[in-house]
Amino acid sequence: IRTLRFLLGDQLTRRIATLTDLDPDHDVVLLVEVRAEATYVRHHKQKIAFLFSAMRHFAAELEAEGVRVDYVRLDDSANTGSFTGELMRAIARHEPDRVVVTEPGEWRVWEMMQAWRDDAAVPVQIRDDNRFLCPRADFAAWAGDRRSLRMETFYRGMRRRTGLLMDGGEPTGGRWNFDAENRKGLPKGHTLPERVGFPPDAITRDVIALVEAAFADHFGATEAFAWPVTRADALAAFRHFLAVGLPHFGDYQDAMRTGAPFLYHALISPALNAGLLTPEEVCRAAERAYREGAAPLHCVEGFIRQILGWREYVRGLYWARMPDYAGSNALEATRDLPWFYWSGETAMNCLAQSIADTRAHAYAHHIQRLMVTGNFALLAGIAPAQVEEWYLVVYADAYEWVELPNVHGMVLWADGGVMGSKPYAASGAYINRMSDYCRGCAYDVAKRTGPTACPFNALYWNFLITHADRLSGNPRLAMPYRNLARLDPSVRAEIQAQAARFLDGLAAPSPPVQGALD
Ligand code: FAD
Ligand code: DLZ
Ligand code: SF4
């Protein structure tokens, strides 16, 4: 064997750097299902099933093309359970001249790869991940050692660099950003499109059975599994989004509705992150939809900004600032993650709904992640590492390169402003404006204090009071701090007492444990 090409589970594209010079006559492609990757955090069962199924389908496609594939299954008796163990075993098995891999999506695996270079009996070549539109080195050069890095500046550079939504040197439509038009709530009675689901085929059913047996104690249900696990199905899902979702994507991007986990979102992040779709092709297709008159500019710009802007930006930031990035805790948040993040057992309806969606689908859309589960964790001062682990576990699209900046930086402001100029703290009024959750809630969103008051309200004011030293001078928070200053000191004290009572209650043992102690 000339070259052993080791493909990780989130690198499932024929165009990945690992395979560009593949020689079917002399090379072997290695894919491995390993326990360590499924358990370094205890991923949602659907995430593991999605990835194993996508890996098995991709391996079959390579084989159909005449490529020699060495596929190690989770239940193969000699499986050592880790990337390193399986790579070393495969080197012994095939005796290649060299190993080729593409850089991974997580620092943890990057460190493993450095060790392979030292320890393997043959040379190990690590290639740049050519799926991203901004190479790591280019982002690092842009970032330099600046303390704060704004997405908007980066995004404009990426528009210029790729020519996406550009007319000559100018942004199409004369503006870079149509975010102000992307904040509508859903009108009452508005009918939403159905999700295009992909019911499990025989391979996915096998994998689900394997996951249910091997990872029985992991979070999440598999009954509603409907993710596309091949490139062909991922393309079909994306085409449906282009026709049905994109024309409304911008308008209702921030809306939330009970029993409607998907709204007009694209549902492509698991496929995109695993390699079944490429960011460039989905951006180009969205632009084409605008040019052909199939979707309005503010929707297309909103969509392209998420991928060309946010997605590339968080990936660049992750690699430019790791490993130190994960260690900061600017707001000194230390509270334990409440048990209801796993059980969904809370009277706060917005949280219960978002967590139920997450458990059923390994998915929640952006605003649920940011303004419900995220906002609560920020206001309640939950320890960043615990919140980050939760987000890495529960979503089918979660890898540290994308999860960490979103949680550590955007949601928790634990980086002290590298990513966002201010924390996204909000009271119940925001959730009420953007959703119908409050109508079905045991709490009253209009109240700040008292036994039925929405907890988000006291927590929000308490958050501003607690962090006044750090945040009150921030010009983007001038208005909330002016409102706070207008509150009568007795009202402030009442709010603080309300928040303290609520937060003390969070520390209480979860209901089943309480039952056991009685
Ligand atoms: P759409 O809403 O249809 O958006 C289209 C695409 O834009 C997404 O598929 C995604 O690739 C990209 N995108 C949108 N927002 C972001 C963003 N903030 N960062 C990076 N890409 C973005 N996304 C992940 O892929 N993995 C994660 O682990 C992840 N963790 C998140 C954690 C928090 C706290 C928050 C606030 C956001 C997180 N996101 C993550 C971003 C975003 O919520 C998801 O990408 C999106 O919900 C995926 O669903 P979709 O494909 O329907 O997205
Ligand atoms: C997430 C994941 C899981 C659950 N299992 C595997 C696996 O068995 N084999 C594999 O190659 N990759 C898996 N992955 C994805 C890896 O964790 C991912 O490649 C790294 O986190 C780097 O991004
Ligand atoms: Fe959430 Fe408060 Fe609304 Fe209940 S009232 S759904 S807790 S924001």
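See the values below:
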| quantity | calculated |
| --- | --- |
| Among residues of the range 285-322, those that are over 19 Å from the mean Cα position of the chain (by Cα) and touching a residue at least 12 places away in the same chain (Cβ under 8 Å), counted | 13 |
| Residue count for the range 86-130, restricted to those that are more than 24 Å from Glu403 (Cβ to Cβ), surrounded by fewer than 16 Cβ atoms within 10 Å (Cβ to Cβ) and among the small types (Gly, Ala, Ser) | 2 |
| So Val196, is it surrounded by 12 or more Cβ atoms within 10 Å (Cβ to Cβ) and within 16 Å of ligand 2 (Cβ to nearest atom) | no |
| Test: residue in the range 328-348 that is among the hydrophobic types (A, V, I, L, M, F, W, C), in a helix (DSSP H, G or I), surrounded by 23 or more Cβ atoms within 10 Å (Cβ to Cβ) and more than 16 Å from ligand 3 (Cβ to nearest atom) | no |
| Residues satisfying the stated conditions in the range 359-388, i.e. closer than 17 Å to Trp107 by Cα and under 12 Å from the mean Cα position of the chain (by Cα) | Glu388 |
| Of all residues in the range 155-174 being of a type outside the set (Ser, Thr, Tyr) and in contact with a Leu (Cβ under 9 Å, 6 or more places away or on another chain), the one that is nearest to Glu312 (Cα to Cα) | Met158 |
| Selection from the range 9-43 of residues that are part of a loop (DSSP other than H, G, I, E, B) and within 16 Å of ligand 1 (Cβ to nearest atom) | Gly9, Asp10, Gln11, Leu12, Thr13, Tyr40, Val41, Arg42, His43 |
| Every residue from the range 400-449 that is within 16 Å of ligand 3 (Cβ to nearest atom), among the aliphatic types (A, V, I, L, M) and surrounded by fewer than 24 Cβ atoms within 10 Å (Cβ to Cβ) | Ala425, Ala426, Ala429, Met434, Ala442, Val445, Ala446 |
| Filter result for the condition that a residue is at pLDDT 95 or above, of a type in the set (Lys, Arg) and under 23 Å from the mean Cα position of the chain (by Cα), over Arg159, Arg127, Arg150 | Arg159 |
| Filter pass, Ala232 being modelled with pLDDT of 95 or more, part of a helix (DSSP H, G or I) and surrounded by fewer than 19 Cβ atoms within 10 Å (Cβ to Cβ) | yes |
| Among residues of the range 46-81, those that are assigned to a helix (DSSP H, G or I), of a type outside the set (A, V, I, L, M) and within 15 Å of Asp206 (Cα to Cα), counted | 7 |
| Filter result (within 24 Å of the chain's Cα centre (by Cα) and over 28 Å from Leu277 (Cβ atoms)) within the range 130-147 | Arg147 |
| Hits in the range 379-399 - residues which are assigned to a helix (DSSP H, G or I) and either among the aromatic types (Phe, Trp, Tyr) or buried (at least 23 other Cβ atoms within 10 Å of the Cβ) (or both) | Leu379, Pro384, Val387, Glu388, Trp390, Tyr391, Val394 |
| Qualifying residue in the range 224-232 (condition: of a type in the set (Ser, Thr, Tyr), out of contact with any His (no Cβ under 6 Å at 6 or more places or on another chain) and on the phi < 0 side of the Ramachandran plot) | no |
| Matching residues, the range 436-452, being closer than 11 Å to Cys350 by Cα, among the small types (Gly, Ala, Ser) and in a loop (DSSP other than H, G, I, E, B) | Ala442 |
| Gly473 over 22 Å from Ala385 (Cβ atoms), of a type outside the set (Asp, Glu) and not in a helix (DSSP H, G or I) | yes |
| Near pairs, Cβ below 7 angstrom, 6+ apart or cross-chain, from the range 24-42 (over 23 Å from His94 (Cα atoms)) to any residue that is modelled with pLDDT of 95 or more and aliphatic (A, V, I, L, M) | Ala38/Ile48; Val41/Leu392; Val41/Val393; Arg42/Val393 |
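The values are calculated or read from the model by the stated rules, or taken from the named source; none is laboratory data. Everything numeric here is computed off the predicted structure, so don't read it as measured data. Don't worry about glycine lacking a Cβ; one is built from the backbone with ideal geometry, like all the others, and counts go over all protein chains shown.
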